[in-house]
Amino acid sequence: KAGVTQTPRYLIKTRGQQVTLSCSPISGHRSVSWYQQTPGQGLQFLFEYFSETQRNKGNFPGRFSGRQFSNSRSEMNVSTLELGDSALYLCASSSGDVNTEAFFGQGTRLTVV
Amino acid sequence: SQKIEQNSEALNIQEGKTATLTCNYTNYSPAYLQWYRQDPGRGPVFLLLIRENEKEKRKERLKVTFDTTLKQSLFHITASQPADSATYLCALLREAGTALIFGKGTTLSVSS
C-alpha cells in the first residue's frame, strides 16, 4: 500500500507570494490533516478535512486555507507569505475513525526569503 | 485550552539503559493517547496507542503507561540502542474530529 505523498518536497518562495502544497493520502483514507512544524513551536495543527469538508481548524490566520477533493487528495494554500511561514508542512491521513493512528507524509520544506 | 507537555526537550542515555519519557496533559480527558517517533527531516511515525482503560501497553522493547488520574503517560524504551535516537512525540485527540494535537517532543540520544 502506497504511503502518504506530499509534493513538492522543497520550496523556496519570496515574501508576499502564495504557495500551494499537495497531499495524496493512503488509498481508502478519508481524513487528511495538515500540520506546521517549526523548531520553536513543534507540530501545530492547521486543519482537518474529512470527505471534502473541513471538520476541524487550528488557530492560524485566514492566509492559510485548504481543500479536499472527491478522491481525498488535499491541498493547502498560504497566501501573502511571511518569513515566519518558513517551516516543514506535514500532512497526515487516517481512516477518519476515532482510535486510529495517523500516517504522515515526508513533508514539504517551505523556505520564505 | 488543551495542553500537552513533554517534560524534557532532550534526554541523553547510554546504550543498554532504559529511557523514560514523560507526557503530561491538562484541560482534557482523552479517551486515548498516542506516541510517535520522528527522525530529522521526516514525518512522524506511529508507535503505540493506549486507551484510557488500559494501564499499560507493550510492543517489543517499548512500554507505555497511561495514568488518567495524574493526567500523565510514560514511554519507556528498554535496552536502548543508538538506532533509537530520535524525537518522540505524544499526541492526543482534539475535541472534535480525528485530528491530533502533539507535544513538542523529547529528543532522545543513545550513545554507545
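The values are calculated or read from the model by the stated rules, or taken from the named source; none is laboratory data. Predicted model only: the values in this text are computed from it and were never measured. Cβ: placed from backbone, ideal geometry, glycine included. Neighbour counts: every protein chain shown.
Results, tabulated for the structure shown:
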quantity	calculated
Segments classed as strands (runs of 3 or more DSSP E), wholly inside the range A:24-113, with at least 2 members that are at pLDDT 95 or above and more than 14 Å from chain B (Cβ to nearest Cβ)	A:64-68, A:74-78
Qualifying positions in the range A:1-23 - under 14 Å from the mean Cα position of the chain (by Cα) and part of a loop (DSSP other than H, G, I, E, B)	A:Val4, A:Pro8, A:Arg9
Unmet criterion (only one of (1) facing chain B (nearest Cβ under 10 Å); (2) within 27 Å of B:Pro30 (Cα to Cα)) for A:Arg9	(2)
Qualifying position, being surrounded by fewer than 16 Cβ atoms within 10 Å (Cβ to Cβ) and not hydroxyl-bearing (Ser, Thr, Tyr), among A:Asn77, A:Asn56	A:Asn77
Residue count for the range B:33-62, restricted to those that are modelled with pLDDT of 95 or more, among the basic types (Lys, Arg) and not in a strand (DSSP E or B)	1
Residues being hydrophobic (A, V, I, L, M, F, W, C), in contact with a strand residue (DSSP E or B) (Cβ under 6 Å, 6 or more places away or on another chain) and surrounded by fewer than 13 Cβ atoms within 10 Å (Cβ to Cβ) - total across the range B:1-40	1
Flag if B:Ile101 is within 11 Å of another protein chain (Cβ to nearest Cβ), farther than 29 Å from A:Arg109 by Cβ and surrounded by 12 or more Cβ atoms within 10 Å (Cβ to Cβ)	no
Failed item, numbered, when B:Gly43 is tested on (1) surrounded by fewer than 17 Cβ atoms within 10 Å (Cβ to Cβ); (2) free of Cβ contacts under 8 Å to residues at least 12 places away in the same chain	(1)
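Per-residue answers, yes or no, for (1) of a type in the set (D, E, K, R); (2) under 13 Å from the mean Cα position of the chain (by Cα):
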{"site": "B:Gly41", "(1), (2)": "no, no"}
{"site": "B:Glu54", "(1), (2)": "yes, no"}
{"site": "B:Ala99", "(1), (2)": "no, no"}
{"site": "B:Gly105", "(1), (2)": "no, yes"}
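Residue-by-condition table, conditions (1) of a type in the set (Gly, Ala, Ser); (2) within 14 Å of chain A (Cβ to nearest Cβ):
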| residue | (1), (2) |
| --- | --- |
| B:Ala31 | yes, yes |
| B:Gln38 | no, yes |
| B:Arg61 | no, no |
| B:Ser109 | yes, no |
